[in-house]
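Single-structure report; data block below.
Laboratory data are not the source of any read-out in this text; all were calculated from the coordinates shown. Not measured: the values here are computed from a predicted model. Counting neighbours? That spans all protein chains shown, and the Cβs are built from the backbone with ideal geometry, glycine included.
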Amino acid sequence: MLRNSRDIFIGVNCGIRDGARLEVLDWDGQGERPRLEIGDGSSMEQGAHIVCRQRVIIGRNVALAANCSVVDADHHYQDVEVDQSVGTHFQEGPSFVEIGDRAFLGVGVVVLPNVRIGTHCVVGANSVVTKSLPDYSVCAGAPAKVVRRYDSAKKEWVRSN
């Protein structure tokens, strides 16, 4: 399912399974248009869901396993006097998600707003990404934490402290 496809840019040789949802929220006419960009060779399995309010950039050769969620929209719940659904009331200010080239998100990963997932970063199944993750790392948990990093001097993956 595509919503507001004019703001969605999909590279060549991408694989997007049935049941994936790519949504760009309605533009309010202020600032730059929202942009959801998926790099060449990337893939998304069934149930993957991307919501873009301002900017979601997915690099080249990225893989999203089944039922991943990537969102750059955060709901504004603090003002209890607003007479509208919390689900339709979004936080103000900048909002983005960036996923580096060759990253892999395992089954059920959730990526929250304002984070960058590094190049060749592997995020374990059912992890929740609340902070940026470095290049060449393996991360897991809720919230996701680095459990391994690639040591280029040793040319091997080492446990993180």
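State to the nearest 20 debye the size of the charge dipole of the chain about its Cα centre, where the only charges are +1 on K and R beta carbons and -1 on D and E beta carbons.
Using only the charged Cβ atoms, the result is roughly 900 debye.
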Inset, instruction - Would you mind estimating how fast the chain diffuses translationally, via Stokes-Einstein at 37 °C and 0.692 mPa s with the Kirkwood radius over Cα pairs, in µm²/s? - result: 202
Inset, instruction - Give the order of ILE58, ILE10 when sorted by the count of other beta carbons within 10 angstrom, beginning with the fewest. - result: ILE10, ILE58
Inset, instruction - With label points built 7 Å along Cα→Cβ from the Cα atoms of VAL12 and SER152, find their separation and express it in nm. - result: 2.9
Legend entry - chymotrypsin sites (Phe, Trp or Tyr not before Pro) within the range 1-80, DSSP loop, no more than 10 other Cβ atoms inside 10 Å: none
Inset, instruction - Pop a pseudo-label 7 angstrom from the Cα along the beta-carbon direction at both THR130 and ARG159 and give the gap in nm to one decimal. - result: 2.5
